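*Asks:* The structure follows.
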Amino acid sequence: MSHKRMPKRKAAIAVGGVAALGAAALLLPNANASQDKNDAAGAAGTAKTLKASAASDLSAQLQKLLGDALAGSYYDSGKQQLVVNVVSGDNNIVQQAQKAGAVVRQVENSTSELKAAARTLKTKATIPGTAWAVDPRTNKVVVTADSSVTGAKWNRLQSTVQSLGSGMASLKKSAGTFKTFVSGGDAIFSQVQGGNVRCSLGFNVKASDGSPAFLTAGHCGVAAKDWSDSQNGQPIATVDQATFPGNDFSLVKYNDATTQAPSDVNVGNGQTVQITQAADATVGETVFRMGSTTGLHNGQVTGLDATVNFQSETDPNGVDTVNGLIQTNVCAEPGDSGGSLFTQDGGAVGLTSGGSGDCTSGGETFFQPVTAALQATGATLGDGGGAGDQAGAGAGDQAGAGDQAGTADPSASAGDQAGAGDQAGGDQIGGSADPSASAGDQAGAGDQSGTGDGTGTADQSGEGTGDGSSSLTGSH
């Protein structure tokens, strides 16, 4: 196959060009930027200046070192420092964290107490249109309700949050409704009964057996088995594993074992960002999202281990709950599902799951962590491929893998990069991806009746608002 741009890009440029310009201005000049930090700071007990990726590594180290005394952490992007919360007054604990190079803050709520609050919410307030996660900056569980939570449902949610106490949890409203964004880097398509389904490719990987594959959203893999890189085109890849709800990831194997699937993200205008590793998200860090509907956008991580309760698409009274998600204020729209969330230095962070809002007004957006998806599927990042030399074969340049030869060019104009919104995500506590979770009997999106032709920008109700000739009635 050839690595060609999708017609949807034209519409995305028109509506998202300004936002894409801002994202690219931040991303491209700083790609692979060197880290400026004081390596001797830790020995002196002074907070180190760190890149977000280094802050994430330090947070993981301190988690092992401090154990239950650590109550979360976040990245202060302005000062480029890692801030860690501790609940113990033990000076030894504080000194250990400071010596490692972190800023230490003493807080009231421990991790175990915050998780207990989340369990209470799960038991008493698992309502479609709700989400929750720990915000380490406030040391509280932040609960979000979308516009569909009204009347008795709102009263139930509000009373549950109030029962936890104002020092433990807070409640906020979100515009729009939480939904998955089927319809999404570059587009991938599938034909199902009732119409077409459109998603975005996230990252190219190697499956555990060495065959070339890619990751995308689980609700996309549950919705359809065979995927193409063009509207109504022949399938080029087949779903190998799909998990939704519970988690939201799919492993899709290329049908041609000789496919060369580059490990990069196509950010538009002939520019790519090389993906070199999987990275855990850190609250406060800047991240970039690429999707076929709205293109390139950036924002910040606002919460980890989030739980979101989507309205089930197969059961009017049901809930599709997904745990362990990354919350951001990066926008997304229908069609962006499965698309790449990454860092400027080439870290693969997440796969677009769902949320509320759009790239005009903003909203909440949630992402499946890539590290959890890789662990669950046994896949690895890197150029997929077999013995062949088909640099252009497969959907490798779709949402997370272009065949563009160059890396991000600081001088490149972003004006015609596919626009992409910044969606705010909700804070949630949940587990990481569970490799044993079965998607077979989960109320997923298997009967999506999306009929959009992928050439127009879809609104939150799933109806095309761009130049599409039909609407995506079954979008997530």
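Each reported figure results from applying straightforward, stated rules to the coordinates on display, with no laboratory input. Treat the numbers as computed from the prediction; the structure is a model and nothing was measured. Here the Cβ is made from the backbone with ideal geometry for all residues, glycine too, and neighbour counts use every protein chain on show.
*Asks:* Kindly identify segment 74-169 as rounded, prolate or oblate by the Cα gyration tensor criterion: order the square roots of the eigenvalues as a ≥ b ≥ c, call it rounded if a/c is under 1.5, otherwise compare a/b with b/c, prolate if a/b is larger, else oblate.
*Replies:* prolate
*Asks:* Another question about this same structure. May I ask for the distance between the Cα centers of segment 273-338 and segment 50-124, given as a whole number of Å?
*Replies:* For segment 273-338 versus segment 50-124, the Cα centre distance is 23 Å.
*Asks:* Could you sort the peptides 368-374, 73-79, 356-362, 329-335 by per-residue average Cβ neighbour count (10 Å cutoff), highest mean leading?
*Replies:* Going by the mean number of other Cβ atoms within 10 Å, highest first, we get 329-335, 368-374, 356-362, 73-79.
*Asks:* Using the Karplus curve 6.51 cos²θ - 1.76 cosθ + 1.60 with θ = phi - 60°, what ³J(HN,Hα) values do you get for each residue of segment 343-350, in whole Hz, with x for Gly and Pro?
*Replies:* Each residue's phi maps through the Karplus curve to give 9, 5, 9, x, x, 7, 10, x Hz.
*Asks:* Going by the alpha-carbon gyration tensor, a ≥ b ≥ c the square roots of its eigenvalues, is segment 101-217 rounded (a/c under 1.5) or, if a/c is not under 1.5, prolate (a/b greater than b/c) versus oblate?
*Replies:* oblate
*Asks:* With a 10 Å radius around each residue's Cβ, average the other Cβ atoms per peptide and rank 237-249, 305-317, highest first.
*Replies:* The most tightly packed comes first, giving 237-249, 305-317.
*Asks:* For the pairs Lys99/Lys122; Lys51/Lys122; Lys79/Lys140; Lys179/Lys225; Lys115/Lys253, flag any whose C-alpha to C-alpha distance is greater than 27 Å.
*Replies:* As for pairs spanning more than 27 Å Cα to Cα, those are Lys99/Lys122; Lys51/Lys122; Lys115/Lys253.
*Asks:* Can you tell me the order of 95-107, 270-282 when each peptide is scored by its average per-residue count of other Cβ atoms within 10 angstrom, highest first?
*Replies:* Packing order, densest peptide first, comes out as 270-282, 95-107.
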